[in-house]
Amino acid sequence: MSEAATAETPRVMDKVFKILKRELSAEEYLVYLQAITPRIGDATKELRDLTKNMGLEEVLRKAKLMEKS
């Protein structure tokens, strides 16, 4: 990835999360995460279980924190 692209990554990811928040339900967001995250097993079920007591805001906040690490 070029330096310019790397510098733009946080801005683009913020835009992506705003679009996802506006356009997807929590369930659809979990499906999205499954599609972009390499996992073994049923990632959607695992993510659903992990986030069942969270609102979409909290899911997005935690996803952003994971991205930073």
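The values are calculated or read from the model by the stated rules, or taken from the named source; none is laboratory data. Computed from a prediction, not measured in an experiment: that's the story for all the values here. Note that we place each Cβ from the backbone using ideal geometry, even for glycine, and neighbour counts take in every protein chain shown.
Remarks
- Residue check for T9: of a type in the set (V, I, T) and within 13 Å of the chain's Cα centre (by Cα): no
- Filtered residues of the range 29-69 (kept if aliphatic (A, V, I, L, M) and either loosely packed, with under 11 Cβ neighbours inside 10 Å or over 29 Å from T6 (Cβ atoms) (or both)): A35, I36, I40, L50, M54, L65, M66
- Hits in the range 25-35 (condition: more than 15 Å from M54 (Cα to Cα) and modelled with pLDDT of 80 or more): V31, Y32, A35
- The range 5-44, residues that are within 12 Å of A63 (Cβ to Cβ) and among the charged types (D, E, K, R): D14, K21
- Inter-residue pairs, beta-carbon under 9 Å, first within 14 Å of L20 (Cβ to Cβ) and in a helix (DSSP H, G or I) and in the range 30-58, second at pLDDT below 75 and among the hydroxyl-bearing types (S, T, Y), 6+ apart: L30/T44; V31/T44; L33/T44; Q34/T44
Rundown of residues vs (1) at pLDDT 80 or above; (2) aliphatic (A, V, I, L, M), yes/no style:
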| site | (1), (2) |
| --- | --- |
| A7 | yes, yes |
| V16 | yes, yes |
| R22 | yes, no |
| A43 | no, yes |
